[in-house]
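Asker: Okay, here's the structure, questions in a sec.
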Amino acid sequence: QSQEIQNDLDKRARTFLQTHVSQDGSSFFLPEEEEEDDSFDQPNGAVLNLVQKEALYLWATEQQQQQQNGINDNGKNVRNNDEVFLSYEQLERVCAQLNNFPDR
């Protein structure tokens, strides 16, 4: 069951990303207040629900990977094999910042 839940969450998060990331992928847009996903309610005062947090995590991880696999100053492709890691605590700190300062 947990794999089914993870697959469903991943699918919903990727669907959310299709409409909440800039065309070049460099910006993540927060949901509008009227956007709601009834299957995953937001806790009181939270900016992001579970699906949206997962979407933010996926987007941030992809941004890290793109930066690591970018192009160096000589125009050559660089591949860094270091594992990309965004901890749950780091994600929660970002969400707390969004909750505390939603207008920024």
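Asker: Looking for something at pLDDT 80 or above, open to solvent by 50 Å² or more (accessible area, probe 1.4 Å) and assigned to a loop (DSSP other than H, G, I, E, B) - is there at least one such residue anywhere in region 1-22?
Answerer: Scanning region 1-22 turns up at least one residue that is at pLDDT 80 or above, open to solvent by 50 Å² or more (accessible area, probe 1.4 Å) and assigned to a loop (DSSP other than H, G, I, E, B).
Asker: What is the one condition in (1) at pLDDT 90 or above; (2) of a type in the set (S, T, N, Q); (3) open to solvent by 70 Å² or more (accessible area, probe 1.4 Å) that residue 77 does not satisfy?
Answerer: (1)
Asker: Given the criterion over 11 Å from the mean Cα position of the chain (by Cα) and modelled with pLDDT of 85 or more, identify the matching residue among 97, 52, 42, 66.
Answerer: Of the residues listed, the single one that is over 11 Å from the mean Cα position of the chain (by Cα) and modelled with pLDDT of 85 or more is 97.
The values are calculated or read from the model by the stated rules, or taken from the named source; none is laboratory data. Keep in mind the model is a prediction, meaning the values are calculated, not measured. Accessible surface is based on the protein model in full, side chains and every heavy atom, while ligands, DNA and RNA are left aside. Shrake-Rupley method; radii C 1.70, N 1.55, O 1.52, S 1.80 Å.
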